[in-house]
Amino acid sequence: MTQSSVDDIMLMAFIDGALEPAAAAKVEAKIAADPKVAGRVKLMIDSTELLRQSFCAELAVPAEVQRRAVTTIGGDWRRRTFSVAMPVAAAIIVAFAVGVLFEAGRGSLAPDGLDHVLQEVGEYHAVFAQETSHLVEVPATQLAEIRMWLGERVGFPLAVPDLRGDGLEFKGARLLVVDGRPVAQLMYTDAAGAPIALCAGSSQIPDSPNIHLASNGDTRLFGSAKAGRFFVVAGPSGRQALLQELSNNISDLLVVRS
């Protein structure tokens, strides 16, 4: 196994404790050496924890793997339990979990949670912005599917704005999860290839008279809440003026008006 051959299936096998000791040691070294890989592992662990909570699964990862995860990636995950069935985890995460989570708790994010949402979206964006071939889950060519899929998940008719006039090319979309609730993320890139994301979800967050600001490394985030929905614009610090301009009109950009 080369350093570049650590794909998501291999990482899930590592989390599940299904690798031989020699292979597990190589994966562990890759996680320690590459922040992008460490970020992918953290997202997998977070997603599996959401599954466990939703399906009440009592499947615990072996203690030795928990020790390795804590030592290699960092963070206090000792009390977490994970799925130990790699094919089931992969299939459920993609095909079923988001729908179950959505139906179980649409729009119940904490009322004071806008800053928390900005923090969570910032962490996602910092990881995915480094991707190239996996920047999105669904490509821009499947526009109708994106509108229908994400609109159903967030609970309102979602628009996919054409931002070519702002120098942005639509690349596609992915679904994020914040506190067990679905968040739609539309991903664009500028002329230099820098990713800029427009995100939206339903919540009980009170309307925000002012735009909230946050940072995660070089990522700048602008957030607002209106009429039971929240909106986030995320992108590089060098495009802050554009990010703020987009955030000023974000609800009009992302909500289909009847």
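Within region 185-202, the set of residues being within 16 Å of the chain's Cα centre (by Cα) and hydroxyl-bearing (S, T, Y) comprises Y188, S202. Residue check: F230 meets all listed conditions (1) out of contact with any Phe, Trp or Tyr (no Cβ under 9 Å at 6 or more places or on another chain); (2) of a type outside the set (K, R); (3) surrounded by fewer than 22 Cβ atoms within 10 Å (Cβ to Cβ) but one, namely (3).
Taken as a whole, the condition of being part of a helix (DSSP H, G or I) and closer than 27 Å to A192 by Cα does not apply to V117. For region 121-153, what are the residues that are within 24 Å of T219 (Cα to Cα), crowded, with 18+ Cβ neighbours inside 10 Å and more than 13 Å from the chain's Cα centre (by Cα)? Selection gives L150 alone. Does at least one position in region 158-173 carry a residue that is under 18 Å from L246 (Cβ atoms), in the same structural domain as L246 (by TED's automatic domain parsing), within 13 Å of the chain's Cα centre (by Cα) and hydrophobic (A, V, I, L, M, F, W, C)? Checking region 158-173: at least one residue is under 18 Å from L246 (Cβ atoms), in the same structural domain as L246 (by TED's automatic domain parsing), within 13 Å of the chain's Cα centre (by Cα) and hydrophobic (A, V, I, L, M, F, W, C).
Which one is surrounded by the fewest Cβ atoms within 10 Å (Cβ to Cβ), of the residues in region 163-205 that are under 13 Å from F231 (Cβ atoms) and among the hydroxyl-bearing types (S, T, Y)? So, considering only residues that are under 13 Å from F231 (Cβ atoms) and among the hydroxyl-bearing types (S, T, Y), the one surrounded by the fewest Cβ atoms within 10 Å (Cβ to Cβ) is S202. Would you call D252 among the charged types (D, E, K, R) and either surrounded by 23 or more Cβ atoms within 10 Å (Cβ to Cβ) or in contact (Cβ under 8 Å) with a residue 24 or more places away in the chain (or both)? No, not satisfied. Restricting attention to region 132-176, the residues being touching a Ser or Thr at 6+ places or on another chain (Cβ under 7 Å) and under 27 Å from M44 (Cβ atoms) number 3. Taking strands (runs of 3 or more DSSP E) as the structural unit, those lying wholly within region 189-258 and holding at least 2 residues that are of a type in the set (F, W, Y) correspond to 229-236. Total residues in region 215-227 satisfying the condition of being surrounded by fewer than 21 Cβ atoms within 10 Å (Cβ to Cβ) and in contact with a Phe, Trp or Tyr (Cβ under 8 Å, 6 or more places away or on another chain): the figure is 0. Considering only region 158-198, how many residues are modelled with pLDDT under 95, of a type outside the set (A, V, I, L, M, F, W, C) and farther than 18 Å from S133 by Cβ? Summing the residues that are modelled with pLDDT under 95, of a type outside the set (A, V, I, L, M, F, W, C) and farther than 18 Å from S133 by Cβ in region 158-198 gives 4. Given the structure, is L176 within 14 Å of the chain's Cα centre (by Cα) and assigned to a helix (DSSP H, G or I)? It is false that L176 is within 14 Å of the chain's Cα centre (by Cα) and assigned to a helix (DSSP H, G or I). Kindly indicate whether S203 is farther than 21 Å from L168 by Cβ, in contact with a Phe, Trp or Tyr (Cβ under 8 Å, 6 or more places away or on another chain) and not aromatic (F, W, Y). Yes: the conditions hold for S203.
The values are calculated or read from the model by the stated rules, or taken from the named source; none is laboratory data. In this text the structure is predicted, and so the values were computed from the model without any measurement. Quick reminder, even Gly has a Cβ in these numbers, built from the backbone with ideal geometry, and neighbours come from all protein chains shown.
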